[in-house]
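The structure follows.
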Amino acid sequence: MKLLIIGSGGREHALAWKLIQSPRVEKVFVAPGNAGTAHEHGLENIAITAIPALIDFAQSQKVAFTVVGPELPLADGIVDAFLDAGLKIFGPSRQAAQLEISKSFAKNFMQRHNIPTAAYSTFTNAQAAHEYIEQQGAPIVIKAAGLAAGKGVIVAPSLEKAHSAVDQILITKLFGEAGAEVIIEEFLQGTEVSFIVMCDGHHILPLATSQDHKRLFDGDTGPNTGGMGAYSPTPFISPGLHAQILREVIYPVVQGMTQEGVSYTGFLYAGLMITPNNQVKVLEFNCRMGDPETQPILMRLKSDLASLIEHALNGTLDQAETDWDRRVALGIVMAAGGYPENPQKGDSITGLSDLMTKQNTTNDFHIFHSGTALNSHDQQQFITAGGRVLCVTALGDNLKLAQQRAYELTKQIRYNNSYMRHDIGHNGIEFLHKP
Ligand code: AMP
Ligand code: GLY
């Protein structure tokens with residue numbers, strides 16, 4: 001069968017790479033894909049992004065099913081449009097995706113269904129927001145209610161920062177309509193983990209646990225980014241905590257959506273804070289897999305992903321099982337200087353082709369591409385073309401060994417203005433070595 005993946009990042013490269021390993025999959029189209037998916041055996045990029053043209057393509061190629069990588073096409077209603085055209089697609093409807101698209105919907109939904117999250121209030125009026133901040137004190141968290149490409153959350157250490165964040169969102173309209181409303185939230189302390197499951201509307205299938213490093217600088221400091229590196233599994237989620245997350249968060253979300261007349265189908269990603277006394281609090285929901293979490297998670301998946309998605313599309317996820325590599329996978333994002341604000345593009349990447357040849361003979365690492373392109377004069381030369389360029393992902397017998405292997409590999413890849421963090425996995429390693 002032929003499949004179609006929507007998106008162009010490292011997550012989509014990993015999804016397509018994993019799906020083509022299924023013996024029943026003859027081809028995976030990636031729309032629009034990147035230079036990594038262009039080079040991978042069995043994958044083919046197609047330069048289409050408009051939903052009606054994607055529908056025509058899927059029909060003409062007899063695509064068995066489509067998987068949506070990023071949130072924007074979900075917000076644009078791609079799933080609804082494909083289903084109306086009689087095509088199979090894995091992802092939530094536009095209405096179900098409100099869990100990610102609208103942070104105020106998500107917060108109010110959690111309140112309606114007793115799902116643990118930080119205390120909050122929502123405002124459209126700046127004066128009322130300023131008064132609330134004065135009452136609550138700092139640190140405090142200010143969030144634009146709509147989709148703001150991961151930039152709409154300001155963790156304000158001081159009252160001054162909090163007030164200015166409110167003004168930037170509600171008055172200067174830094175995020176446009178996504179900032180028509182702000183959420184002001186209690187600051188939570190603890191460890192952040194990513195908990196991703198597949199849903200078929202009724203049943204859920206948890207994927208392996210993972211942890212992302214969202215801050216730009218070492219030591220988890222600096223501004224938030226899409227994610228600078230991730231690993232799987234995370235030692236922070238014990239079997240007891242795993243059961244607690246399913247009981248307190250995941251089941252209530254799926255049941256709550258059903259009660260409200262919306263069936264949730266697709267990946268569901270809960271960004272969670274585990275507080276020092278082992279409470280679980282939801283920071284956010286994403287209606288898709290994480291990037292870069294997908295890369296280490298799928299490195300460890302031994303089961304056939306195409307079969308798992310077919311179960312999800314048929315409503316039989318309760319019959320599906322997953323088998324995971326017992327090793328740890330760790331992915332380091334190699335970014336372009338200036339990321340996330342103003343990434344430098346067009347630099348030639350050296351050392352990458354050799355590693356991509358080598359990865360086909362060993363199965364303990366893979367370089368997933370995000371912002372890469374091919375030089376228009378030399379189709380063998382990779383150049384940087386986005387903020388996050390590559391995710392160098394390696395397996396190791398433990399977290400430390402996976403980290404060492406992945407960092408060794410990054411040393412072989414060079415381009416001007418390269419930037420990465422040097423401590424991906426540090427908190428998991430510290431936790432494991434705690435007396
Ligand atoms: P979000 O997009 O809502 O997940 O927020 C982005 C990041 O901001 C999260 O990954 C956290 O690191 C941080 N964050 C969000 N909400 C809070 C909170 N209530 N307390 C502390 N940090 C937060
Ligand atoms: N890595 C965080 C995200 O995908 O939203």
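Pairs of Cα atoms under 8 Å, at least six residues apart: use those to get the relative contact order of segment 283-435, whole percent.
With pairs under 8 Å counted, the relative contact order is 28 percent.
Rounded, prolate or oblate: which one fits segment 323-419, using the alpha carbon gyration tensor with axes a ≥ b ≥ c (rounded when a/c is under 1.5, else prolate when a/b beats b/c, else oblate)?
Cα axes put segment 323-419 in the prolate bin.
Sticking with this structure for a sec: When ranked by the protection proxy of mean other Cβ atoms within 10 Å per residue, highest first, what sequence do the peptides 386-398, 93-105 form?
386-398, 93-105
In vacuo Debye scattering of the chain, one point per C-alpha: log10 I(q)/I(0) at q = 0.09 Å⁻¹?
-0.55
Could you give the C-alpha radius of gyration of segment 364-435 expressed as a fraction of 2.2 N^0.38 Å, taking N as the number of residues it contains?
1.34
Taking amide H atoms as placed 1.01 Å from N in the peptide plane, list the residues 5 or more away in sequence, or in a different chain, whose amide H sits under 5 Å from that of residue 93.
Those qualifying (amide H under 5 Å, at least 5 residues apart or on another chain) are 265.
Same structure, new question: Among all the aspartates and glutamates, which ones have a C-alpha under 16 Å from residue 107's C-alpha, if same-chain residues fewer than 8 places away are not counted?
181, 185, 186, 248, 260, 284
Which GluC sites (Glu not before Pro) in segment 20-88 pass both tests, a DSSP loop state and at most 14 other beta-carbon atoms within 10 Å?
26
Once you put a point 7 Å from the Cα of residue 189 and another 7 Å from the Cα of residue 426, both along the Cβ direction, what distance in nm separates them?
Result: 1.9 nm between the two label points.
Is segment 52-94 rounded, prolate or oblate when judged by the Cα gyration tensor, a ≥ b ≥ c being the square roots of its eigenvalues, rounded requiring a/c under 1.5 and prolate requiring a/b larger than b/c?
It comes out prolate by the Cα gyration axes.
Also, I was wondering about something else. Counting alpha carbon pairs within less than 8 Å and at least 6 residues apart, what relative contact order, in whole percent, applies to the chain?
Contact order relative to length: 16 percent.
May I pose another question? Would you mind checking 302/434; 103/434; 18/103; 103/214; 2/302 for any pair whose Cα atoms are more than 27 angstrom apart?
From the list (302/434; 103/434; 18/103; 103/214; 2/302), the Cα-Cα distance tops 27 Å for 302/434; 103/434; 18/103.
Here is a further query. Can you give the Rg to Rh ratio for segment 202-304, taking only C-alpha atoms and Rh from Kirkwood?
Taking Rg over the Kirkwood Rh, I get 0.97.
When a/c is below 1.5 the answer is rounded, else prolate if a/b is larger than b/c, else oblate, so apply that to segment 22-173 with a ≥ b ≥ c taken from the square roots of the Cα gyration tensor eigenvalues.
It comes out prolate by the Cα gyration axes.
With no solvent and one equal point scatterer placed on each C-alpha of segment 58-144, evaluate the Debye formula and give log10 I(q)/I(0) for q = 0.19 Å⁻¹, two decimals.
Computed log10 I(q)/I(0) values: -0.90.
Every number here is computed from the coordinates shown, using simple stated rules; none is lab data. Computed from a prediction, not measured in an experiment: that's the story for all the values here. Reconstructed Cβ throughout: ideal geometry from the backbone, glycine too, with neighbour counts over all protein chains shown.
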